[in-house]
1. Could you list, ordered by first residue, the pairs with Cβ atoms under 6 Å in which the first is in segment 1-27 and modelled with pLDDT under 90 and the second is surrounded by 11 or more Cβ atoms within 10 Å (Cβ to Cβ) and among the β-branched types (Val, Ile, Thr), at least 6 apart or interchain?
2. Output the qualifying pairs, or none if there are none: Cβ atoms under 7 angstrom, residues six or more apart or on different chains, first residue in segment 30-49 and without any contact (Cβ under 8 Å) to a residue 24 or more places away in the chain, second residue basic (Lys, Arg).
3. Name the single residue that is most open to solvent (accessible area, probe 1.4 Å) among those in segment 36-58 being closer than 18 Å to PRO14 by Cβ and under 11 Å from the mean Cα position of the chain (by Cα).
4. I need the full set of residues from segment 18-32 which are open to solvent by less than 30 Å² (accessible area, probe 1.4 Å) and hydrophobic (A, V, I, L, M, F, W, C), in order please.
5. Condition first: among the hydrophobic types (A, V, I, L, M, F, W, C) and farther than 24 Å from GLY23 by Cβ. Now tell me which residues in segment 34-54 satisfy that.
Amino acid sequence: MPGTAWTPRAPTTPWSQLAAATGYYDQSHMTTDFRALMGVPPRAYFTDRLPARAPCGARLG
């Protein structure tokens, strides 16, 4: 991921501007990385539209 800086202006700053400020070429690349990391696109994450929780299925021990 290009940038890791976060800004408190996120709720009012356009996604394209956030992408540029954090080192992404464009909004599409930022959204792709965000979705890969978080499992949902940024707008769904920040508006609490998350999928139902499910166990990961990992076996310990």
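1. GLY3/THR22; ALA5/THR22
2. Taking only residues 6 or more apart or on different chains, the pairs are PRO41/ARG35.
3. Of all residues in segment 36-58, those closer than 18 Å to PRO14 by Cβ come to 41-47.
The next check asks that each one be under 11 Å from the mean Cα position of the chain (by Cα); those that pass are 41-46.
Working: PRO41: 39, PRO42: 7, ARG43: 131, ALA44: 13, TYR45: 88, PHE46: 101 Å².
Here the answer is ARG43.
4. In the first step, residues of segment 18-32 are kept if they are open to solvent by less than 30 Å² (accessible area, probe 1.4 Å); the result is 18-19, 22, 24, 30.
Listed by number, the residues that qualify are LEU18, ALA19, MET30.
5. Within segment 34-54, the subset among the hydrophobic types (A, V, I, L, M, F, W, C) is 34, 36-38, 40, 44, 46, 50, 52, 54.
Scanning segment 34-54 gives LEU50, ALA52, ALA54.
The values are calculated or read from the model by the stated rules, or taken from the named source; none is laboratory data. Note that the structure is a prediction, hence the values are computed from the model and not measured. With ideal geometry, Cβ positions are generated from the backbone for all residues, glycine too; neighbour counts draw on all protein chains shown. Heavy atoms of the whole protein, side chains included, go into the accessibility calculation; ligands, DNA and RNA do not. Shrake-Rupley method; radii C 1.70, N 1.55, O 1.52, S 1.80 Å.
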